[in-house]
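This report refers to the structure that appears directly beneath it.
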Amino acid sequence: MVIAETSWVDRTFRVMGTNARVLALGGAPEIVDRAQDRLADLEQLWSRFRPDSELSLLNAAAAERPVVVSRLTFTLIAHAVEAWRRTAGRFDPTGLAALQSWGYDRDFPSVTGAAAPTSVPHESVPLTGCGEIRMDPIVRSVTLGPGVQLDLGGIGKGFAADLVAQDLAEAGVTAGCVDLGGDLRVVGSGPYDGAWRATFDDPVAMAQIGSLRFGAGAVATSTRLKRRWRRGGHEVHHLLDPHTGAPAASGVASVTVLAGAAWWAEVLAKAAFVAGPRDGVALLEAEGVDGFVVRDDGVVVETARLDQFCVREEPVAPLRS
């Protein structure tokens, strides 16, 4: 986005393994500094690549031993378990071991930079699901249960965007946007006659959707076209089918969702990706959100109400999802 008003603060940086952008209009001058620090703190809580993160320590604990976690981590795990239930297991945060077996066992630039393994896992197995996770809200303890290992990367980025956007609003900004690698949460009055505009890296979506114009809320995209690497001579990606533990082959290239919160948009984008084009759109409509699915053959399938958000001409300097 090109910001014409000098009172906007616009900063980009790396955090949570992705490119981040924070935009703010109004509020204290140091507000974006605080937003960047806040995101770094959240990464320290939830990164699966840091052995001392709260998530890594939880995953390393004995399966039947309750572990007391911070309020934010407890809330994030509760969101993840709720999402698993509401999507009938299509969103499943218990894929850490499976991702590692497919080669995603370090930060993504290291995965793509390393020599490709010559074999695929001997046997893909379904993800464990969240049925064995036990949570005690009184003491904020989590017991994962046998074989459960959590990966909170996607939902964690969405929740982080929500938290920082809330921080911006509480600090008095007139308008604010937090973009964490395409998980985008906005607050306040946007720069396009009070609205926000988002466009997409996917040329198929750009050609058929144009851009999305929306007010307060969030946009999230799940795609197999970015985080992909080679394993055993085959191209694989990070979006696993919980029923097989293997990269999903659902006929979908990407899913984009508009919702009230970024963590929920992220969940539904992943669940719709796993469900496939027809069932994925049906899932979005059943949850009362809007979005679209780009099939492998380039066909775009939209929710019934998406057209009210679409600007089907070339937009001028919008945000990117």
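So in the stretch 46-72, with the set limited to residues that are open to solvent by 10 Å² or more (accessible area, probe 1.4 Å) and among the hydroxyl-bearing types (Ser, Thr, Tyr), which one is nearest to the chain's Cα centre (by Cα)? Looking at residues that are open to solvent by 10 Å² or more (accessible area, probe 1.4 Å) and among the hydroxyl-bearing types (Ser, Thr, Tyr), I get Ser47.
Filtering the stretch 268-302 to residues that are β-branched (Val, Ile, Thr) and surrounded by 23 or more Cβ atoms within 10 Å (Cβ to Cβ) leaves Val274, Val293, Val294. For Val187, the criteria (1) over 13 Å from the mean Cα position of the chain (by Cα); (2) touching a residue at least 40 places away in the same chain (Cβ under 8 Å) hold in every case but one, which is (2).
Table: residues versus (1) modelled with pLDDT under 95; (2) surrounded by fewer than 23 Cβ atoms within 10 Å (Cβ to Cβ).
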| position | (1), (2) |
| --- | --- |
| Arg140 | no, yes |
| Gly147 | yes, yes |
| Ala160 | no, no |
| Gly172 | yes, yes |
| Ser189 | yes, yes |
| Ala198 | yes, no |
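So is Ala265 of a type outside the set (Asp, Glu) and under 17 Å from the mean Cα position of the chain (by Cα) or not? It is true that Ala265 is of a type outside the set (Asp, Glu) and under 17 Å from the mean Cα position of the chain (by Cα).
Filtered by the rule that a residue be at pLDDT below 95 and open to solvent by 30 Å² or more (accessible area, probe 1.4 Å), the stretch 175-187 gives a lone residue, Gly181.
Could you tell me whether Thr75 is open to solvent by 20 Å² or more (accessible area, probe 1.4 Å), among the β-branched types (Val, Ile, Thr) and modelled with pLDDT under 95? It is false that Thr75 is open to solvent by 20 Å² or more (accessible area, probe 1.4 Å), among the β-branched types (Val, Ile, Thr) and modelled with pLDDT under 95.
The values are calculated or read from the model by the stated rules, or taken from the named source; none is laboratory data. All values reported here derive from a predicted model rather than from experimental measurement. Here the Cβ is made from the backbone with ideal geometry for all residues, glycine too, and neighbour counts use every protein chain on show. Note: accessible area is taken over every heavy atom of the protein model, side chains too, but ligands, DNA and RNA are not part of it. Shrake-Rupley method; radii C 1.70, N 1.55, O 1.52, S 1.80 Å.
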